Amino acid sequence: MRIGAAQINTRLGDLAGNSQRILAAVESLVTAGAELIVFPELALTGYPPRDLLCDDEFVRATIASNADLARRLAEAPPVVIGSIDHAPRATPNHPGLYNAAMVLQGGRIAHVQPKRLLPSHDVFHEHRWFVGGTHNGIVKMAGRRVGLMVCEDLWDEGHPVHPAAELKADGAELLLCLSASPYRTKVVERRHELARRPGLPLVYINAVGANDELIFDGGSFCVDARGRVTASLPRFEEATRVIDPFGEPAEVDQLEEPEELFEALVLGVRDFARKNGLRRAFLGLSGGIDSALVACIAREALGPEWVTAVAIPSRYNDPQSTECARALAGQLGIAFEIVPLEPLFTAAEQSLGPLVAGGGVTAENIQARLRMVILMSYVNRYGGMLLNTSNKTELALGYGTLYADMAGSLCPIGDLTKPQVYDISRWYDSGRGVIPPFILERPASAELRPEQIDPFDYPRISPIAEALVQGLPIPAHASSEEVERCRQLMRVSEHKRWQSGIVLKVSEKSFGTGRMMPVTKA
């Protein structure tokens, strides 16, 4: 059976642009001989549309676009797209919508299959906008009885309803699952595991691209009735391909975790810039490992000509920090500038007098904030965005200065622990030799006072902090004092995280819309 898998990258709210992508993909797949064409979940609106769905005008425009696409695809084979449709209103002031798989055939919307299971965990808040469907649908397409599901309908653990099993019992010969499953480490293995459970041929079409904090990695695939993968699409890029769930088993390309994480973050930065009309990025390149990795990601995401690194040495900087930052920028081919901090800091000391006398935290934080004044001046003068260089361990423990090193529109590595930052940096450097050994090997330091070293044993403390964030068992090596210290640091720094840039999500629990801790709590 020749099924056209349309793994496309859509933009939130861009109904016209997304329609054109759908039409172009259909044309390509029809030429390739597809008998049935399938798109991801909410391909027309982009995922997740969130409170765009509270805008009646946007909803009306989407409903009209559904019908328009059906008319324009009248001569095509059956096309299954993800979109929205009206549903009975659940409560007053609720949009009352279905998240649906729609079959477009013969110039009309031939079938609407609502998503039955609506996720309400982590970054998913679908009950806010959608009503769950109450029935399964089997549609005759390309000579087969096809059962339709939308994302969570396959991830049915913990639900009283099991759509895949019900569709099989109702006589489905093939299952289609339209999905917008965000990237997390090891998520591919989990998707394959779930696709094998029904014991039917299954086609899983996943979204690709990034919208705000969420990265969609594609990797669409199909399995046969024995659960063997018979075809798969690439990760982290758009693709259209004719696949056959009834075909012979095929090999699935595997990426090592550092490479997978790097590719995810490159896509996250690239799409954030492209979809928001931002071409240029700036970052502070300190000579430390965090900013080094962000520079590498930005270079791959945007191209070296669109990335500028700025070193801002202070009186406390090791000269090697600036020289290694210069060397790294040269190896990456990105622009590099040096703006000494000393004139601004001296002026601040003179102006603020006793507030900064004798150094201490106030003096350190002023230096960090003055660095941000410099970096934001570049953004204001030349346009583009500032990339934040904080890692997850620092964000968790509050080791960052508000309105300073926590500033920036986007935080590419804010869901990577400090050890992960080192692992990915070493992977990227292997065979390239672009990151100076001094950066890879030096003790972490903010360089805001003489001989300053970060106050954490990162290999020891990062797993503890991450376990607290993820809600996982505390590592066996952790003492009760260390755990309590981490809890307290996380508690008092909550307000900082509420004011940080958008963190690209690559783990099961990141700092963002999936973790809504109050600032004011006991």
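The values are calculated or read from the model by the stated rules, or taken from the named source; none is laboratory data. Remember, predicted model here, so these are calculated numbers, not experimental data. Here Cβ is always computed from backbone atoms with ideal geometry, including for glycine, and neighbour counts include all displayed protein chains.
General observations
- All positions within segment 96-110 that are over 26 Å from GLU75 (Cα atoms) and buried (at least 20 other Cβ atoms within 10 Å of the Cβ): LEU97, TYR98
- PRO114 in contact with a Phe, Trp or Tyr (Cβ under 6 Å, 6 or more places away or on another chain), assigned by TED's automatic domain parsing to the domain that holds ALA210 and not basic (Lys, Arg): yes
Yes or no, residue by residue, for (1) crowded, with 21+ Cβ neighbours inside 10 Å; (2) in the same structural domain as GLY384 (by TED's automatic domain parsing); (3) in contact with a helix residue (DSSP H, G or I) (Cβ under 6 Å, 6 or more places away or on another chain); (4) among the hydrophobic types (A, V, I, L, M, F, W, C):
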position: ARG279; (1), (2), (3), (4): no, yes, yes, no
position: PHE282; (1), (2), (3), (4): yes, yes, yes, yes
position: LEU285; (1), (2), (3), (4): yes, yes, yes, yes
position: CYS296; (1), (2), (3), (4): yes, yes, yes, yes
position: GLU305; (1), (2), (3), (4): no, yes, no, no
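- So ARG60, is it more than 28 Å from ILE243 (Cβ to Cβ) and over 25 Å from the mean Cα position of the chain (by Cα): yes
- Residue identified as of a type in the set (D, E, K, R) and touching an Asp or Glu at 6+ places or on another chain (Cβ under 8 Å) among ARG235, ARG274: ARG235
- Any chance ARG60 is over 21 Å from VAL146 (Cβ atoms) and not in a loop (DSSP other than H, G, I, E, B): yes
- Screening ALA467, ALA444, ALA407 for residues that are assigned by TED's automatic domain parsing to the domain that holds GLN499 and either touching a strand residue (DSSP E or B) at 6+ places or on another chain (Cβ under 9 Å) or modelled with pLDDT of 95 or more (or both) leaves exactly one candidate, ALA407.
- Enumeration of residues in segment 374-398 that are touching an Asp or Glu at 6+ places or on another chain (Cβ under 7 Å) and either part of a loop (DSSP other than H, G, I, E, B) or among the aromatic types (Phe, Trp, Tyr) (or both): THR389, SER390, ASN391
- Residue in segment 418-435 that is without any contact (Cβ under 8 Å) to a residue 40 or more places away in the chain, touching a Cys at 6+ places or on another chain (Cβ under 9 Å) and in a helix (DSSP H, G or I) present: yes
- The condition of being free of Cβ contacts under 8 Å to residues at least 24 places away in the same chain and within 27 Å of LYS418 (Cβ to Cβ) holds for only one of LEU255, LEU267, LEU293, LEU328, that being LEU255.
- In segment 405-421, the residues that are surrounded by fewer than 20 Cβ atoms within 10 Å (Cβ to Cβ) and closer than 19 Å to ILE453 by Cα: PRO419
- Selection status of ILE215, modelled with pLDDT of 95 or more and in contact with a Cys (Cβ under 8 Å, 6 or more places away or on another chain): no
Here's the yes/no breakdown for (1) out of contact with any helix residue (DSSP H, G or I) (no Cβ under 7 Å at 6 or more places or on another chain); (2) surrounded by fewer than 24 Cβ atoms within 10 Å (Cβ to Cβ); (3) not assigned by TED's automatic domain parsing to the domain that holds LYS186:
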{"site": "ALA210", "(1), (2), (3)": "no, no, no"}
{"site": "THR230", "(1), (2), (3)": "yes, yes, no"}
{"site": "GLU237", "(1), (2), (3)": "yes, yes, no"}
{"site": "ARG241", "(1), (2), (3)": "yes, yes, no"}
{"site": "ASP244", "(1), (2), (3)": "yes, yes, no"}
{"site": "ASP253", "(1), (2), (3)": "yes, yes, yes"}
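- Verdict on ARG381 being buried (at least 18 other Cβ atoms within 10 Å of the Cβ) and not hydrophobic (A, V, I, L, M, F, W, C): no
- Contacts under 7 angstrom Cβ, first residue in segment 138-153 being in the same structural domain as CYS177 (by TED's automatic domain parsing), partner acidic (Asp, Glu), 6 or more apart: ILE138/ASP170; ALA142/GLU35; ARG144/GLU173; ARG145/GLU173; VAL150/GLU41; CYS151/GLU41
- When LEU36, LEU53, LEU23, LEU44 are checked against the criterion of being closer than 16 Å to ALA70 by Cβ, in contact with a helix residue (DSSP H, G or I) (Cβ under 9 Å, 6 or more places away or on another chain) and surrounded by 17 or more Cβ atoms within 10 Å (Cβ to Cβ), a single residue qualifies: LEU44.
- Residues of segment 451-468 that are outside any helix (DSSP H, G or I), aliphatic (A, V, I, L, M) and surrounded by 14 or more Cβ atoms within 10 Å (Cβ to Cβ): none at all.
- Condition check for PRO419: closer than 21 Å to TYR458 by Cα, of a type outside the set (Asp, Glu), out of contact with any helix residue (DSSP H, G or I) (no Cβ under 8 Å at 6 or more places or on another chain) and in the same structural domain as GLY384 (by TED's automatic domain parsing): no
- Of the strands (runs of 3 or more DSSP E) entirely within segment 172-252, none holds at least 3 residues that are hydrophobic (A, V, I, L, M, F, W, C), touching a residue at least 24 places away in the same chain (Cβ under 8 Å) and on the phi > 0 side of the Ramachandran plot.
- Subset of segment 71-96 (residues that are touching a residue at least 40 places away in the same chain (Cβ under 8 Å), over 30 Å from ALA32 (Cα atoms) and under 29 Å from the mean Cα position of the chain (by Cα)): PRO95
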